[in-house]
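Below is one structure, written out as structure tokens; comments come after it.
The values are calculated or read from the model by the stated rules, or taken from the named source; none is laboratory data. Just so you know, these numbers come straight off a predicted model, no measurement behind them. Positions of Cβ are generated from backbone atoms using ideal geometry, with glycine treated the same way; all protein chains shown enter the neighbour counts. These area figures cover heavy atoms from the full protein model, side chains too; ligands, DNA and RNA do not enter into them. Shrake-Rupley method; radii C 1.70, N 1.55, O 1.52, S 1.80 Å.
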Amino acid sequence: MINSPLNYSGNKAKVVDQILKHFPENITKITEIFAGSAIISLNSNIKNIVLNDNQKTTIQLLKYFNQNSGEKIIQDIDQIITNYKFTDSYRKGRKHYPEKKHEGLSIYNKEAFQKLKQDYNNNPTTEKLFALNIFGFNHYLRFNTKGEFNVPVGKVDYTESLRKKTIEYAEVMKQKNLEFYNYDFRNPKLYEGATENDLFYFDPPYLITDAPYNASWRETDELDLLQILDKLNSQNIRFALSNVLKSNGKENIILKEWATKYHIHYIHRQYRNANYRRKNKSEAEEVLITNF
Ligand SMILES: C[S@@+](CC[C@H](N)C(=O)[O-])C[C@H]1O[C@@H](n2cnc3c(N)ncnc32)[C@H](O)[C@@H]1O
């Protein structure tokens, strides 16, 4: 199992096996319409992968990992760490940076991060974007209406574990045939020429949960998506849809009623935090809906 160094918000890393076990065997191509960090298709044994996301920067980052070796990417980031004077706990050790309260490394990196953010917004490059993702709060990728990166500094730096993920993630991409698109999910080009050996995987923003990219997802988007899935089904094309039917006391009624036509598989999360687990056990209902 490989994980992404992007720590993409809302990623499926913790439930990869529970999703992949439902995938049919005779699939020659998978299309991830809402790719994010593409953790599902990259962990599958399907060689031909189409990755689409309407967020331009997400596709840029995926291409960066596809086109460069992990070693080269680590070199790029190390260069930024040196130039901007970010903390380097990987080489200097965590004890080199005594922590105050629960701020982690944020107090040490605040200034460097501000400068990098400014430089990125004036002259964006993918290396700078990945560095902002590493040092930014919760590894969010969030932009204001002018398209400027606007996440505050985070608590961590480029750890050994993130470096290992960088190598593995870049490596797995080299073993696949990848195609990238930066379209809205409604774009017909994404579905052209699909056959019975194709699988379409959808992990859209969820109507009833909070993530930076969920805010602009409306009921009309949800309805358009369900219509596309019905159309694929009528053409005998297989699809799998990740979503939540219930979360934090809210219920997605539209989806729940629509899903009765198909197969609903329940996904079980293991929460490390006991309080969170207790609170969510009865409430969150994460599912994979398939037409096979
Ligand atoms: C839940 S995330 C996918 C996470 C992914 N499964 C992973 O494991 O990393 C949803 C993604 O859909 C993208 N997205 C949002 N609206 C979209 C649209 N209208 N068309 C295509 N992609 C969209 C977001 O940019 C985000 O990357």
### Summary
Per-residue ellipticity at 222 nm attributable to helices in the chain (runs of n ≥ 4 DSSP H, -39500 (n - 2.57) apiece, nearest 500 deg cm²/dmol) works out to -11500 deg cm²/dmol
### Query
Could you give the accessible area per residue of region 68-166, probe 1.4 Å, as a whole number in Å²?
57
### Summary
Rounded to the nearest 5, the percent of antiparallel DSSP beta bridges in the chain equals 45
### Task
Using a 10 Å cut-off on Cβ atoms, rank the peptides 24-31, 10-17 from the highest mean neighbour count down.
10-17, 24-31
### Euclidean distance between Cα centres, region 1-72 to region 198-247, Å
17
### Percentage relative contact order, the chain, counting C-alpha pairs under 8 Å, at least six apart
22
### Query
Using θ = phi - 60° and the Karplus form 6.51 cos²θ - 1.76 cosθ + 1.60, what ³J(HN,Hα) does each residue of region 9-22 get, whole Hz, x for Gly and Pro?
4, x, 6, 9, 3, 6, 10, 3, 4, 5, 8, 4, 5, 8
## Note on the structure
Of the accessible area of the chain, computed with a 1.4 Å probe and all protein chains kept, carbon and sulfur make up a percent value of 46
### Query
Taking only Cα atoms, what is the 0 to 90° angle, nearest 10, from helix 56-67's long axis to the longest principal axis of the chain?
80
### Task
May I ask for the angle, rounded to the nearest 10°, between helix 219-234 and the longest principal axis of the chain, with both axes built from Cα atoms and the value confined to 0 to 90°?
50
## Note on the structure
To the nearest 10 degrees, the tilt of helix 70-84 (Cα long axis) against the first principal axis of the alpha carbons of the chain is 40
